[in-house]
1. Please work out how many pairs of lysine residues in the chain are eight or more positions apart (or on different chains) and have Cα atoms closer than 17 angstrom.
2. Which one of Arg100, Arg13, Arg85 has the biggest mean-square fluctuation once the chain is modelled by GNM with Cα springs under 10 Å?
3. Please find, in a Gaussian network model of the chain (springs between Cα atoms separated by less than 10 Å), the residue of Ile146, Ile62, Ile15 whose mean-square fluctuation is greatest.
4. As an exercise, use a Förster radius of 22 Å and the Cβ-Cβ distance of Thr36 and Val98 to find the FRET efficiency, rounded to the nearest 0.05.
5. With the cut-off at 1.5 for a/c, could you classify segment 104-156 from its C-alpha gyration tensor as rounded, prolate or oblate?
6. Give the residue from Gly73, His9, Ser95 lying farthest towards the positive end of the charge dipole for the chain; charges sit on Cβ (+1 for Lys and Arg, -1 for Asp and Glu) and the dipole is referred to the Cα centre.
7. Summing -39500 (n - 2.57) over the DSSP H runs of n ≥ 4 in the chain and dividing by its residue number, what mean residue ellipticity at 222 nm do you reach, to the nearest 500 deg cm²/dmol?
8. Where both partners of a DSSP beta bridge lie in the chain, what percent of those bridges are antiparallel, to the nearest 5?
Amino acid sequence: MVDPERQRHRVTRIIAASRFPFLDQEEDSWPPSYQTIVNDEQNRFGIKGSNDIGIIYPSIVILRGDGGVQELGMVEPAGNVNQERAKVWQFLSDSTSVGRTHKKLFVYVPHGYEDEGLKVLEDNDIEYDGLRGYGVVDGNLKIYPIKTHDSPHDHR
């Protein structure tokens, strides 16, 4: 069996490669100047928070051509899907850009933890664009779209 943390890093890389941008996403909604950065076993891009938060390394960081943060994706292990994690998710929401109407934060939780993830986000009034479940089924990554605010084409 694969170590859960190693598997989560693999999941992060697959999500980043296939969803940021989607394989069929046109340049009108994903400019060529966007850069996708993955924090996996190697932390490549951190965001400095307050002293009690420290530096957070979101799983996926999308930078605009001007270097600003456009979108963030957080692929969480089961142990992080709880009310204590709300402070980090709020910080990430505050650190990203607004899409059409919502902050471009996407939270990925293990399949089976989607209700808990939604409760954390909504109980704490955290602005986000999407909540997704993830799981490995027959050796393949499966994404479970739970809620999407901004773009219907992102709900997949």
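1. Working: Lys48/Lys87; Lys87/Lys103; Lys87/Lys104; Lys87/Lys119; Lys103/Lys147; Lys104/Lys147; Lys119/Lys147.
Eligible lysine pairs with Cα atoms under 17 Å apart amount to 7.
2. Arg100
3. Checking each option, the largest mean-square fluctuation is seen for Ile146.
4. Values: r = 19 Å, r/R0 = 0.87.
With R0 = 22 Å, the Cβ-Cβ based efficiency is 0.70.
5. Numbers: a/c = 2.95, a/b = 1.42, b/c = 2.09.
Oblate shape, in that a/c is at least 1.5 and b/c is the bigger or equal ratio.
6. Result: His9, furthest along the dipole toward the positive end.
7. Details: 3 runs with 36 residues, N = 156.
When only DSSP H runs of four or more count, the value is -7000 deg cm²/dmol.
8. Values: 20 of 29 bridges.
Counting only bridges with both partners in the chain, antiparallel ones make up about 70 percent.
All of the numbers you see were taken from the coordinates with simple rules; none came from a lab. All values derive from a computational prediction rather than experimental measurement. Cβ coordinates were reconstructed from backbone atoms using ideal geometry, including for glycine residues, and neighbour counts include every protein chain displayed.
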